[in-house]
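Every number here is computed from the coordinates shown, using simple stated rules; none is lab data. Worth saying up front: this structure is predicted, and the values here are computed from it rather than measured. Neighbour counts are summed over all protein chains in view; Cβ atoms, including those assigned to glycine, are modelled from backbone coordinates with ideal geometry.
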Amino acid sequence: MTQKTIIIGTRGSPLALWQANFVKNLLLEEYADLSIELKIIKTTGDKIDQIPLAEIGGKALFLKEIEEQLLDGNVHLAVHSMKDVPTVFPKGLRLAAVLKREDPRDVMISHKYASLAALPKKAVVGTSSLRRKAQLKNWRSDLEIVPIRGNVDTRLKKLETENMSAIILASAGMTRLGLSNHITEYINPETMLPAVAQGAIGIEVREKDEDILNLVKCLNHRETEICVTAERSFLKTIEGDCQSPVAAHAVCHGETLKVEGMVSTLDGYEVIKDSVSGSIDAPGLLGEQLARKILSQGGDTILERCRLNHYTKS
């Protein structure tokens with residue numbers, strides 16, 4: 001390494017800071033003489049925290065300003081939740097490593113009810129995720145889904161102050177913040193398929209920065225990389241965006257990779273779900289194969305209707 005101090009770009013939310021510090025500490029374990037600093041960057045997604053992401057441009061809004069700082073050379077690497085990272089990187093940037101995945105499942109938090117199944121008729125459930133909303137409505141059409149944004153602590157407070165029966169969050173964030181004691185139920189992926197790359201942390205760097213690329217490659221977790229590659233390939237091929245309920249989850253079984261995927265109408269009335277299995281050596285091809293399979297079963301029509309609905313509202 002020629003740099004004396006490595007600067008990590010990160011958002012300022014408690015979860016983002018946990019992830020950035022986690023990467024910092026892993027690097028210090030590998031390179032004891034390294035000096036590392038965090039640079040907190042406020043993103044558009046942080047500034048607009050009262051509007052559902054689907055209405056303002058999606059999760060990419062949590063990356064834009066960080067990627068600009070990366071391209072300008074003001075930070076050496078950026079740490080992201082992989083589920084927020086678009087499938088196409090800006091010119092000059094690339095994914096350098098994917099850390100070992102945390103539990104990818106969604107969880108229910110409730111102060112009154114022991115499980116999703118125990119929720120009373122017309123119970124109010126908080127989530128701003130179209131993916132979660134659609135799958136919940138498909139499973140139980142009587143539930144009333146209300147939008148809820150903000151960091152994890154903010155959402156936990158809103159559960160109390162806004163008269164909701166339950167809220168749905170990602171298990172990974174709860175665990176990383178030491179809040180797993182709040183979890184009421186881990187939701188089976190058969191009921192709610194996770195978001196693409198949920199639970200995985202990624203490191204983004206400049207494409208030609210060989211020093212940093214070599215520095216962080218030791219943090220890459222091969223099995224997680226395989227699964228995330230398959231899921232992101234599915235998302236890219238299906239052309240899923242923040243206006244469409246889309247989900248995917250890949251699992252390695254020895255040398256075999258199984259990938260499950262889903263697309264749904266916004267109201268959850270129609271859901272197309274399928275899976276493929278194949279060699280772990282071709283995760284991208286498997287993700288693409290699954291996407292084309294679902295599109296051919298009517299997924300293309302569902303996605304087009306979701307987009308038309310969004311443009312009509314706009």
*Name the aspartates and glutamates eligible as straight-distance cross-link partners of Lys293: C-alpha to C-alpha under 13 Å, and not fewer than 8 places from it in the same chain.*
Glu260, Asp274
*Can you give me the P(r) profile for the chain? Cα pairs, bins 20 angstrom wide beginning at 0, each as a whole percent.*
32, 59, 8, 0
*Round to the nearest 10 and give me the degree value, 0 to 90, for the angle of helix 152-161's Cα axis relative to the longest principal axis of the chain.*
30 degrees
*Taking the Cβ of each residue in Asp153, Asp274 as the centre, tally the other Cβ atoms inside 10 Å and list the residues starting with the fewest.*
Asp153, Asp274
*asked:* Test of understanding: ordering Leu159, Leu169, Leu213 by Cβ neighbours within 10 Å, fewest first, what list do you get?
replied: Leu213, Leu159, Leu169
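Scan the chain and hand back the longest stretch that contains none of the GluC sites (Glu not before Pro) lying in DSSP loops with at most 16 other Cβ atoms within 10 Å.
Of all site-free stretches, the longest is 1-161.
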*Using only Cα positions of the range 106-186, each an equal point scatterer, no hydration layer, compute I(q)/I(0) via Debye at q = 0.12, 0.19, 0.20, 0.26 Å⁻¹ and quote the log10 values to two decimals.*
-0.28, -0.75, -0.84, -1.46
*In whole Å, what is the distance between the alpha-carbon centres of the range 107-169 and the range 217-253?*
25 Å
*Quick one: work out Rg over Rh on the C-alpha atoms of the range 199-271, Rh as Kirkwood radius.*
1.08
*How big is D for the range 211-314, in µm² s⁻¹ as a whole number, if Stokes-Einstein is applied with the Kirkwood radius of its Cα pairs at 37 °C and 0.692 mPa s?*
226 µm²/s
*Once both axes come from the Cα atoms, what is the angle between helix 283-294 and the longest principal axis of the chain, in degrees from 0 to 90, rounded to 10?*
20 degrees
*Among the listed pairs Lys24/Lys157; Lys121/Lys236; Lys133/Lys208; Lys100/Lys208; Lys39/Lys100, which are separated by more than 32 Å between their Cα atoms?*
Lys121/Lys236; Lys133/Lys208
*For the range 57-215, max minus min Cα coordinate along each principal axis, in Å, sorted largest first?*
56, 28, 28
*asked:* As an exercise, identify the trypsin sites (Lys or Arg not before Pro) in the range 105-213 lying in DSSP coil whose Cβ has no more than 14 other Cβ atoms within 10 Å.
replied: Lys112, Lys121, Lys122, Lys208
